[in-house]
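Notes for the one structure printed next.
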Amino acid sequence: MPKIIPIKELKNTSDISEMCHRTDEPIYVTKNGYGDMVIMSMESYESQMKRIKMYEDIETSEAQIKEGKVKDARKSLASMRERYGL
C-alpha cells in the first residue's frame, strides 16, 4: 500500500529517510491535499531506472526486428571469432 504524507512532514528528514529505506515503494507527498511530489531511496530509484532502460532496450530491439535490421547469429559469431581470434 502506498505511503502518503503531507509536505509539512518533510521537516523530519531523518524519519523520512528511514521511511524511504524501509520500503521499495515511493512515498507520495501531498500539498494542500493534492499530490505534489514523490520521494524514494537512491537504491529504489536506481533499480527503477535500470528497469526502465531495460524496457527501452527491448522496445528498440522489437522495432529493429520489425524493420528487418537483424543479423544471422551464426554469421555474427563467426565474424566476431575471426575478428578477435577466438
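Just so you know, all these numbers are worked out from the coordinates, no wet-lab data involved. Since this is a predicted model, take the numbers as computed values, not measurements. Positions of Cβ are generated from backbone atoms using ideal geometry, with glycine treated the same way; all protein chains shown enter the neighbour counts.
In the list Glu56, Glu62, Glu46, Glu25, which residue meets the criterion of being of a type outside the set (Phe, Trp, Tyr), assigned to a loop (DSSP other than H, G, I, E, B) and surrounded by 10 or more Cβ atoms within 10 Å (Cβ to Cβ)? Answer to the check: Glu25. Cβ separations smaller than 8 Å between residues 6+ apart or across chains give the following pairs from the stretch 65-86 residues that are of a type in the set (A, V, I, L, M) to residues that are assigned to a helix (DSSP H, G or I): Val70/Gln64; Leu86/Met80.
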